[in-house]
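*Asks:* Encoded as structure tokens, here's the structure I'll be asking about.
The values are calculated or read from the model by the stated rules, or taken from the named source; none is laboratory data. None of these values were measured; they are calculated from a predicted model. All Cβ positions, glycine included, derive from the backbone under ideal geometry; neighbour counts span all protein chains shown.
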Amino acid sequence: MSVAPERKANQGTSTTAVQGGEARMKPGNAITDAIFCASTYTFDNTDSIIRYIEENQVREEYGRYGNPGEKTAEAKLAAIEGGESAVLYSCGMAAFVGLLMAKVSSGDNVVFFDECYHRSREFCGKHLARFGVETRTVKTGDYDAMEKAIDANTKMLISESPTNPHLSCVDLEKFTEIGKKHGVETLIDATLATPYNLRPLEYGVDYVLHSATKYLAGHNDLLAGAIIGSEQQLADVRQLRGVMGGINAPHNCYLLLRGLKTFSLRMQRHNANGMAIAQFLEDHPMVEKVYYPGLASHPYHDIAKATMRGFGGLVTFNVKGADWRKTANVVDNAKIFKIAPSLGGVESLIEQPLVMSYYQQTPENRAKFGIYDNMIRIACGIEDTEDLIADLKQALDNA
Ligand SMILES: *Cc1c(COP(=O)(O)O)cnc(C)c1O
């Protein structure tokens, strides 16, 4: 397995996941965090309100501006990512929209690598366009094209790493170098990598985005999203979140905190399962091609190996000589793997991108995005490796 760059934190990721961001003593001397079900927060008297405003005191005021559980979750996420500050949202897309709405204005443009989450592309291409913000899309990994697309009005360079479902990896040194050279901020959606496997801030990326719905919360039981970066660069983002809403209810914050305690442990199993299953599939006679950055056959293996500690639980493969129906049979035959979108939870999931996310697209459009009729995407959970392999084996053999 690869060697990740040295961590700046002076403690391990498991210790940070369990204890990071938490106060030592909590209300009632409880070891866990309290859930404060409050929409508003009280002041002693008029003078205390004035002191709060004039001295910029840190305390709660009204639920749309935050709640205590959310502050703890933000502090823990920032600690795990090795960043200064985190802004938590109700889901990953709310985080993406929240960041861009704070950072771009009419006349600006953003430059994208094309293998981005389709809803992120949709928000920029369809909705930011209505406000006069242009989206420029270049081929993933084409750094010259990205640099050429930049002009004086470019505000953000955007990519995922690894991408979904092809698992292409960005050379973060090149990516941030282009941004810095042209004075343009950079955003990496590292949902698939997680801070266990990749730390984009250490390469100088300005903003890291996570759909915390996935590996960070990890139990397929909540939605959340976060942006991590410097306090100063996130000040206007946090301010706008207080206006737009899109925050988490206190119960949701508690569930996220609970999920995060086992984040590091879970990632070890997701990584191990992903690697073992990618290797099993690559050796299977019915498999035409496997997309997994941990395999030497993956076009981005060298970058992944040099920058990532592990390669995650997402594995994509094409079934040899299969039409869409035979491919669907493999999906339908799976017993442990449940048929659902999403990834990063303890339960293993399986889906056919053609049906799940691209059914209403034209074949030409699907081809453009590299979505084939015989493609299957699996999200390995934390079940036992041998059981997952046996399930996939019978699903393929019986298709
Ligand atoms: C799921 C996902 C999102 C969107 O997150 P939600 O929490 O579903 O809003 C964004 N980016 C990536 C890479 C994702 O997998």
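*Asks:* Considering each of A102, A34, A95, A23 in turn, give the residue that is touching an Asp or Glu at 6+ places or on another chain (Cβ under 7 Å) and of a type outside the set (V, I, T). Spell out how you get there, then give the answer.
*Replies:* Working: A34 fails: touching an Asp or Glu at 6+ places or on another chain (Cβ under 7 Å); A95 fails: touching an Asp or Glu at 6+ places or on another chain (Cβ under 7 Å); A23 fails: touching an Asp or Glu at 6+ places or on another chain (Cβ under 7 Å).
Every option except A102 fails the conditions.
*Asks:* Answer yes or no as to whether T72 is buried (at least 17 other Cβ atoms within 10 Å of the Cβ) and β-branched (V, I, T).
*Replies:* Criteria met by T72.
*Asks:* Of the residues D221, D189, D236, which is at pLDDT 95 or above and under 18 Å from S159 (Cβ atoms)? Can you show your working first?
*Replies:* Numbers: D221 fails: under 18 Å from S159 (Cβ atoms); D236 fails: under 18 Å from S159 (Cβ atoms).
After ruling out the rest, the residue left standing is D189.
*Asks:* Also, I was wondering about something else. State yes or no: is V87 in the same structural domain as L256 (by TED's automatic domain parsing), in contact with a Phe, Trp or Tyr (Cβ under 7 Å, 6 or more places away or on another chain), under 30 Å from Y196 (Cα atoms) and within 16 Å of the ligand (Cβ to nearest atom)? So that I can check it myself, show each step before the final result.
*Replies:* Working: in the same structural domain as L256 (by TED's automatic domain parsing): yes; in contact with a Phe, Trp or Tyr (Cβ under 7 Å, 6 or more places away or on another chain): no; under 30 Å from Y196 (Cα atoms): yes; within 16 Å of the ligand (Cβ to nearest atom): yes.
Judged against the criteria, V87 is not a match.
*Asks:* Let me ask another. Give the residues of the range 238-266 that are more than 19 Å from the chain's Cα centre (by Cα) and polar (S, T, N, Q), sorted by residue number.
*Replies:* Of everything in the range 238-266, just one residue is more than 19 Å from the chain's Cα centre (by Cα) and polar (S, T, N, Q), namely Q239.
*Asks:* What number of residues within the range 343-396 satisfy the criterion of being charged (D, E, K, R) and touching a residue at least 12 places away in the same chain (Cβ under 8 Å)? Can you show your working first?
*Replies:* Taking the range 343-396 and keeping what is charged (D, E, K, R), we get 347, 351, 364, 366, 368, 373, 377, 383-384, 386-387, 391, 393.
Now restrict to residues that are touching a residue at least 12 places away in the same chain (Cβ under 8 Å): 347, 351, 366, 373, 377, 383, 387, 391, 393.
Count: 9.
*Asks:* Only residues in the range 298-323 that are among the basic types (K, R) count as the first member; pair them with residues that are in a strand (DSSP E or B), Cβ under 6 angstrom, at least 6 apart or cross-chain, and list the lot.
*Replies:* Once the first residue is among the basic types (K, R) and sits in the range 298-323, its partners that are in a strand (DSSP E or B) give K320/E288.
*Asks:* Could we say that C116 is hydrophobic (A, V, I, L, M, F, W, C), part of a loop (DSSP other than H, G, I, E, B) and within 16 Å of the ligand (Cβ to nearest atom) here? First the steps, then the outcome.
*Replies:* On the way: hydrophobic (A, V, I, L, M, F, W, C): yes; part of a loop (DSSP other than H, G, I, E, B): yes; within 16 Å of the ligand (Cβ to nearest atom): yes.
Considered against the rule, which asks whether it is hydrophobic (A, V, I, L, M, F, W, C), part of a loop (DSSP other than H, G, I, E, B) and within 16 Å of the ligand (Cβ to nearest atom), C116 comes out as yes.
*Asks:* Give E115, E147, E122 a once-over and let me know the one that is surrounded by fewer than 20 Cβ atoms within 10 Å (Cβ to Cβ) and in contact (Cβ under 8 Å) with a residue 12 or more places away in the chain. Quick ask: steps written out before the conclusion?
*Replies:* Numbers: E115 fails: surrounded by fewer than 20 Cβ atoms within 10 Å (Cβ to Cβ); E122 fails: in contact (Cβ under 8 Å) with a residue 12 or more places away in the chain.
That would be E147, the only listed residue that is surrounded by fewer than 20 Cβ atoms within 10 Å (Cβ to Cβ) and in contact (Cβ under 8 Å) with a residue 12 or more places away in the chain.
*Asks:* Let me confirm something: among T140, T191, T163, which residue is in the same structural domain as L88 (by TED's automatic domain parsing), touching a residue at least 60 places away in the same chain (Cβ under 8 Å) and closer than 25 Å to N271 by Cα? Steps first, answer last, please.
*Replies:* On the way: T140 fails: touching a residue at least 60 places away in the same chain (Cβ under 8 Å); T163 fails: touching a residue at least 60 places away in the same chain (Cβ under 8 Å).
Only one candidate qualifies: T191.
*Asks:* Which numbered condition trips up D283, out of (1) farther than 19 Å from M156 by Cα; (2) in contact (Cβ under 8 Å) with a residue 12 or more places away in the chain; (3) not hydroxyl-bearing (S, T, Y)?
*Replies:* (2)
*Asks:* Scan the helices (runs of 4 or more DSSP H) fully inside the range 322-399 and keep the ones with 1 or more residues being surrounded by 20 or more Cβ atoms within 10 Å (Cβ to Cβ) and assigned by TED's automatic domain parsing to the domain that holds H270.
*Replies:* Values: elements: 324-333, 353-356, 363-368, 385-397.
Those helices (runs of 4 or more DSSP H) span 324-333, 353-356, 385-397.
*Asks:* Which one of G98, G141, G92, G132 is away from the ligand (no atom under 16 Å from the Cβ), modelled with pLDDT of 95 or more and crowded, with 20+ Cβ neighbours inside 10 Å? Full working, then the answer.
*Replies:* Details: G98 fails: away from the ligand (no atom under 16 Å from the Cβ); G92 fails: away from the ligand (no atom under 16 Å from the Cβ); G132 fails: crowded, with 20+ Cβ neighbours inside 10 Å.
Just a single option satisfies the conditions, and that option is G141.
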